[in-house]
């Protein structure tokens, strides 16, 4: 059960200022016998907590003015990813921080340094210790992380997943692309660009992330529906590592004589493009990727990348925090437990 943030009380002000309730009452009623230093401390606590005296609350209600919202603390857990994901999601978080400042929302971001589930759990505990009342997270689909999200739900701490889901947990909702659909779109495009007997290299990032795995599965299933046998598609997991991607693409070009296309469900598109260029195969292999960055935009324009299927990463950083704020301050729940962001297809002609 989600526990909503309660409206600040006179006791909250007293505890914040380190004084008695009687002292707060004397300050509120402008009575004497309160030292200036104590009065300033109480007034600061009133501002920080957003406390309204019953008299002021009634006055505002009679005037038809909304009551101030209770302060909330929101946490964000990010994976150890760079590139366009980090840039755009961070931009969304910064916009949410600015937009929610007047709603007295404080936001703290923690970022994993590894893909180890234990680190994600430790950072969730760190956010909880800080006082987070709601958490937005992108994490591995791991049973221990799902159990942690369930534990937080039991404590009344709502969690919203974004970019990569934890569908078997008690998360409040997921905000991200329909990854199966984006994988199918990539397969539909690629299948029209290569012969029916072609071999395809499918480069995955980290299949422990639900989004990566779901996207690849959507791609492979639709390629099968288009008549491509499983034996024609070589799946390689590279953990978004440039050197590993470069080496695996180089090896595939050498050992797969029927290779005609590469599907990049992997963020290290530069590693792929560089390997293709080094082998003298630029323009002879079709390459389809996901997401957008300045480097990817340049690749599209120069013809070393054919297409990219993009998603709204900015919204994935912004929307979870606004939804958590709505829930905690106003009791307004998300309309759905699956909120899909846009899917766009970008080529050299619409990179702007």
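FYI, it's all coordinate maths here, none of it is from the lab. Treat the numbers as computed from the prediction; the structure is a model and nothing was measured. Quick reminder, even Gly has a Cβ in these numbers, built from the backbone with ideal geometry, and neighbours come from all protein chains shown.
Here are some notes:
- Computed from Cα atoms, the angle from the helix 143-154 axis to the main principal axis of the chain rounds to 30 degrees.
- Ranked 33, 263, 242, criterion: other C-beta atoms within 10 Å, fewest first: 33, 242, 263
- Using alpha-carbon coordinates, inclination of helix 313-330 to the longest axis of the chain, degrees: 30 degrees
- The separation of the range 82-158 from the range 167-184, counted between C-alpha centres, amounts to 17 Å.
- Between the range 285-325 and the range 226-272, the C-alpha centres lie 19 angstrom from each other.
- Packing, taken as the mean count of other beta carbons within 10 Å per residue, orders the peptides 140-153, 207-220 from highest to lowest as 207-220, 140-153.
- Between helix 117-130 and the chain: long-axis angle, C-alpha atoms, 0 to 90°, nearest 10: 20 degrees
- Contact order relative to length of the range 179-311, as percent, for alpha carbon pairs under 8 angstrom and 6 or more apart: 27 percent
- Global geometry of the range 179-311, whether rounded, prolate or oblate, following the gyration tensor of its Cα atoms and the 1.5 cut on a/c: rounded
- One chain, two ends: residue 39 and residue 295. Fully extended at 0.36 nm per residue, the span grows by 86.5 nm beyond their Cα-Cα distance.
- The chain - Debye-derived log10 I(q)/I(0), Cα point model, q = 0.09, 0.13 Å⁻¹: -0.59, -0.98
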